[in-house]
1. Looking at (1) surrounded by fewer than 17 Cβ atoms within 10 Å (Cβ to Cβ); (2) in contact with an Asp or Glu (Cβ under 6 Å, 6 or more places away or on another chain), which is the only condition Val49 fails?
2. Starting from the range 17-46, take each residue that is touching a residue at least 24 places away in the same chain (Cβ under 8 Å) and list its partners that are part of a loop (DSSP other than H, G, I, E, B) and surrounded by fewer than 17 Cβ atoms within 10 Å (Cβ to Cβ), counting only C-beta distances under 6 angstrom and pairs at least six apart or across chains.
3. In the range 117-132, is there at least one residue being part of a loop (DSSP other than H, G, I, E, B) and of a type in the set (Gly, Ala, Ser)?
4. Go over the candidates Glu19, Glu9, Glu26 one by one and state the one that is acidic (Asp, Glu), surrounded by fewer than 16 Cβ atoms within 10 Å (Cβ to Cβ) and modelled with pLDDT under 95.
5. Sort out which residues of the range 24-43 are of a type outside the set (D, E, K, R) and under 13 Å from Pro69 (Cβ atoms), and write them in order of number.
6. Which number in (1) over 14 Å from the mean Cα position of the chain (by Cα); (2) within 27 Å of Glu11 (Cβ to Cβ); (3) in contact (Cβ under 8 Å) with a residue 24 or more places away in the chain marks the one condition that Glu82 misses?
7. If a residue must be of a type outside the set (Asp, Glu), out of contact with any Leu (no Cβ under 8 Å at 6 or more places or on another chain), surrounded by 15 or more Cβ atoms within 10 Å (Cβ to Cβ) and over 21 Å from Arg25 (Cα atoms), how many such residues does the range 63-92 contain?
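The values are calculated or read from the model by the stated rules, or taken from the named source; none is laboratory data. Bear in mind the structure is a predicted one, so any value in this text is a computation, not a measurement. Glycine gets a Cβ as well: all are built from the backbone with ideal geometry, and neighbour counts include every protein chain shown.
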Amino acid sequence: MKKDSIPNEEEIKKMLTPEQYKVLREKGTEAPFSGKLLHEKREGSYNCVVCGNPLFSSDTKFDSGTGWPSFDDALPGAVKYEKDAEYGMDRTEVLCAKCGSHLGHVFNDGPTSTGKRYCMNSVCLELEEKKDQAKT
């Protein structure tokens with residue numbers, strides 16, 4: 001959802017499904033292996049469903065086997081990080097840099113040269129296909 005400005009919380013609640021709201025705004029997690037983008041192979045940009053901010057390129061997506069879409073790098077300046085010590089774990093939360101929505105977590109166990117595994121919730125993302133691949 002491309003927007004010139006970030007929607008307010010009331011607008012966000014109206015535009016999202018209850019599951020999306022729980023994950024994006026209340027820091028929830030979708031069930032593993034349930035997300036629509038887990039096995040997505042099309043090329044393009046994975047954008048925030050709240051504000052349309054481009055977050056990840058399909059070039060960085062890989063199958064981590066964890067049950068959530070995984071990426072080895074975020075687009076420059078697209079995300080911000082916060083320490084997350086809930087549930088007795090020491091993790092790094094990933095948030096949209098534009099609207100502050102919760103996207104998932106990043107771990108230092110990725111298989112590529114970045115060493116990162118951005119473990120994202122499908123409900124937080126929408127794929128904007130590359131123009132030359134999108135059906136017209």
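1. (1)
2. Correct list of pairs: Pro32/Gly67; Phe33/Gly67; Glu43/Lys130; Glu43/Gln133; Gly44/Lys130.
3. Here is the first cut: in the range 117-132, the residues part of a loop (DSSP other than H, G, I, E, B) are 121, 130-132.
Now drop any that are not of a type in the set (Gly, Ala, Ser), which leaves none.
So far as the range 117-132 goes, no, none of its residues is part of a loop (DSSP other than H, G, I, E, B) and of a type in the set (Gly, Ala, Ser).
4. Values: Glu19 fails: modelled with pLDDT under 95; Glu26 fails: modelled with pLDDT under 95.
Matching residue, one of Glu19, Glu9, Glu26: Glu9.
5. As a first pass, look at the range 24-43 and keep what is of a type outside the set (D, E, K, R): 24, 28-29, 31-35, 37-39.
Matches in the range 24-43: Thr29, Pro32, Phe33, Ser34, Gly35, Leu37, Leu38, His39.
6. In the conditions (1) over 14 Å from the mean Cα position of the chain (by Cα); (2) within 27 Å of Glu11 (Cβ to Cβ); (3) in contact (Cβ under 8 Å) with a residue 24 or more places away in the chain, Glu82 misses (3) alone.
7. 2
Matching residues to (1) of a type outside the set (Lys, Arg); (2) out of contact with any strand residue (DSSP E or B) (no Cβ under 8 Å at 6 or more places or on another chain); (3) modelled with pLDDT of 95 or more; (4) under 16 Å from Lys41 (Cα atoms):
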position	(1), (2), (3), (4)
Gly67	yes, yes, yes, yes
Pro76	yes, yes, yes, no
Lys80	no, no, yes, no
Ala85	yes, no, no, no
Arg91	no, no, no, no
Gly104	yes, no, yes, no
